[in-house]
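Everything below concerns the one structure shown next.
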Amino acid sequence: MSKYYKNMLGVAATAVMAVTMVAGGVQAQTVDALKVGEAAYTQGIPQYDVPITFDKPEYTVRKGTGDVVHNLRDILGMKAQVQTPEGLRWFEYYVNYDVNSIDIHKVGDYPVIFTLNRTDDDGRARFVGRGEAIIHVIDSKEPVLSFKNGSEIIAHVGDKINPADYVTAIDAEDGDITGLVKVFDLKTGKMLKELKNEGKYRLQFAVNDSDGNTVDVEGTLTVLPKKQAEDQAPVLNIPGETTIIAGTEFKAMNGVSANDKEDGDITSKVTYSGNVDVNTPGVYEVTYKVLDSKGHEVTAKRKVTVKGKEEGNNSVFTDVPKNHWSENAINYLAENGLVKGYGDGRFGFGDNVTRGQVASLISRHLNLGDVQGSSIFTDTKGDMFEKDIEKVSRMGIMVGDGTGKFRSKDSLTRYEMAAVLTNAFNLDMKGNENFVDVPKGHWAYDYTRILYGNKISAGTGNGEFAGDAVVKREQYMQFLYNETIKKA
């Protein structure tokens, strides 16, 4: 931390990014509610001291970088807000600073003073403020490119040349940029990727940093005849011992994979034998087998224990804590075929629920029919929930991200959950109350108000909804249960 930052006046770092709004507006509620400011009176006019704060009170920029000084409000995340008896007022638009106080072409630390001096158009109140930030202009140096084990390199015909195996590149500003290094044959000037012929070559390793600085080093490459690699057996990976509760689903291939050095991923060639009666408690054995193209066979055995339900414990899944607030909801939805868990006796308690999983849950619950036509999203082809995604999207229950993607594997946020439940069950607005941390104008404002009015969500405490937080699997089951059962 610089000496300038330690001496700053009127700076309060905040983790909330400032949002550009119409200057001088009034907002009745805010997430980070400020205490009402005490106005001083000057010539009979109330005067408020407005704190000018920054998300980034210090900012570092390389010498000669483009036009930074005119965008400091956004770059630093500046805010100028004060709570008045009429509500929250914000004045970012009226804050000024001297763009000439920074010499972007000269290394140094530059304090920048931000000031506010604004009187309402009707002359009823005056607002003043002062804040300070520091801009550090640093020098731009060339990266350091060096060999790991000397400049004499030996390889074989058929090898692929990965520069990171032979050199490292470190830049003072960009950090480790070894991944940007390219290697060239000095005789032909062409980039080297795969070695096809024996012989000796002069090589050049080169790299550019983000400032356009270029450095290179030269070395010698000796290419020997192709190595005769010994064929190896595939690697078969299976889960360890598994315990499930009687009556739950068991999917033998969940968590199973097979890879071969020559053939690559051969999971599709894995077979298994052995029956697991999920309705009869006992110990079962499943044998897995895989054969690669060279005839190498690998087998592995897996122990599966089916346990009867313990008296006093009605949990369908092994990982749902007894008497947890979500236990009844999870069990009900599982018994009615709406949730199946992971196929190994586990529900996935504590895991984030994904957008694809939610699409599948809603599709099954509403018993949506098949849809015709090609996919409307670019990232769902081959997805295990592809059909369910198409169904809920064409019904207007879920939408993509505006770029043509659905993001099936992304976690669902609480804001998105509010929209899904509202759209899926055609919920009506009941009352005007909402959670205190959902700002007016937010895209999900009406959705959260509907959940609040229908008593589907009680929030996270203190009247807050925490809309940007992701939803856990057990949380979503409880929300779904609240709508489908408690309102039945």
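FYI, it's all coordinate maths here, none of it is from the lab. Please read all numbers here as calculations on a predicted model, not as lab measurements. Every residue, glycine among them, receives a Cβ derived from its backbone with ideal geometry; neighbour counts consider all protein chains shown.
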Can you list the lysines whose alpha carbon is less than 19 Å from that of Lys440, not counting same-chain residues fewer than 8 positions off?
Lys79, Lys430
Any idea what diffusion coefficient region 235-307 gets from Stokes-Einstein, in µm²/s, Kirkwood Rh on alpha carbon pairs, 4 °C, 1.567 mPa s?
100
With N set to the residue count of the chain, report its C-alpha Rg divided by 2.2 N^0.38 Å to two decimal places.
1.36
Residue-averaged [θ]222 nm for the chain, counting only DSSP H segments that reach four residues, each worth -39500 (n - 2.57)
-4000 deg cm²/dmol
Just how many % of Cα pairs in region 420-478 lie over 17 Å apart, if you round to the nearest whole percent?
35
Would you please state the base-10 log of I(q)/I(0) at q = 0.16, 0.23 1/Å for region 42-93, with intensities from the Debye formula using one equal scatterer on every alpha carbon?
-0.61, -0.91
What is the set of long-range amide H partners of Arg62 at a cut-off below 5 Å, with H atoms built 1.01 Å from backbone N?
Ile138
Looking at the square roots a ≥ b ≥ c of the eigenvalues of the Cα gyration tensor of region 356-445, which shape do they give, rounded for a/c under 1.5, prolate if a/b is larger than b/c, or oblate?
prolate
Divide, for region 144-224, the radius of gyration over alpha carbons by 2.2 N^0.38 Å, where N is the residue count.
1.08
Whole Å is fine, so just give me how far the alpha carbon centre of region 326-345 lies from that of region 51-130.
53
Filtered hits (aspartates and glutamates, Cα-Cα < 15 Å from Lys182, offset >= 8 within chain) -> Asp165, Glu194, Asp209, Asp216, Glu218
Show me, for region 358-366, the HN-Hα J-couplings you get by feeding each phi into the Karplus relation (A = 6.51, B = -1.76, C = 1.60, θ = phi - 60°), rounded to Hz, glycine and proline as x.
5, 4, 5, 4, 5, 4, 5, 5, 8
Considering the options Val217, Gly199, Ile170, tell which one lies farthest towards the positive end of the dipole of the chain, charges being +1 on Lys and Arg and -1 on Asp and Glu at the Cβ, about the Cα centre.
Gly199
List the relative contact order of region 144-224 as a percent without decimals, with contacts defined as Cα pairs under 8 Å and 6+ residues apart.
35
Out of residues 5 or more away from Tyr284 or on other chains, whose amide H comes under 5 Å of its own, with H placed 1.01 Å from N in the peptide plane?
Val304, Thr305, Val306
For region 327-342, 3J(HN,Hα) per residue [Karplus equation, 6.51 cos²θ - 1.76 cosθ + 1.60, θ = phi - 60°, Hz, x = Gly/Pro]:
4, 4, 5, 5, 4, 4, 5, 5, 5, 9, x, 8, 9, 10, x, 9
List the relative contact order of region 82-222 as a percent without decimals, with contacts defined as Cα pairs under 8 Å and 6+ residues apart.
18
Residue-wise HN-Hα coupling along region 102-107, computed from phi with Karplus coefficients 6.51, -1.76, 1.60 (Hz; x: Gly, Pro)
10, 9, 5, 9, 9, 5
Near the amide H of Gly158, under 5 Å away, which other amide H atoms are found, from residues 5 or more places off or on another chain, if H is placed in the peptide plane?
Leu195, Lys196
Report the per residue volume, in Å³, of the convex hull enclosing the C-alpha atoms of region 327-486.
119
Cβ under 12 Å from Pro321's Cβ, Pro321 left aside: what net charge do those residues give with Lys, Arg +1 and Asp, Glu -1?
-2
Below 18 Å, Cα to Cα, which aspartates and glutamates can Lys294 reach? Residues fewer than 8 away in the same chain don't count.
Glu230, Asp231, Asp260, Glu262, Asp263, Asp265
Tell me, what is the percent relative contact order of region 327-486, built from C-alpha pairs under 8 Å that lie six or more residues apart?
26
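Once you mark the chymotrypsin sites (Phe, Trp or Tyr not before Pro) that are in a DSSP loop and have at most 12 other Cβ atoms within 10 Å, what is the longest gap between them in the chain?
Result for the longest clean stretch: 1-324.
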Residue-span extension gain [Val235 to Asp74] - 0.36 nm each, minus C-alpha spacing
52.7 nm
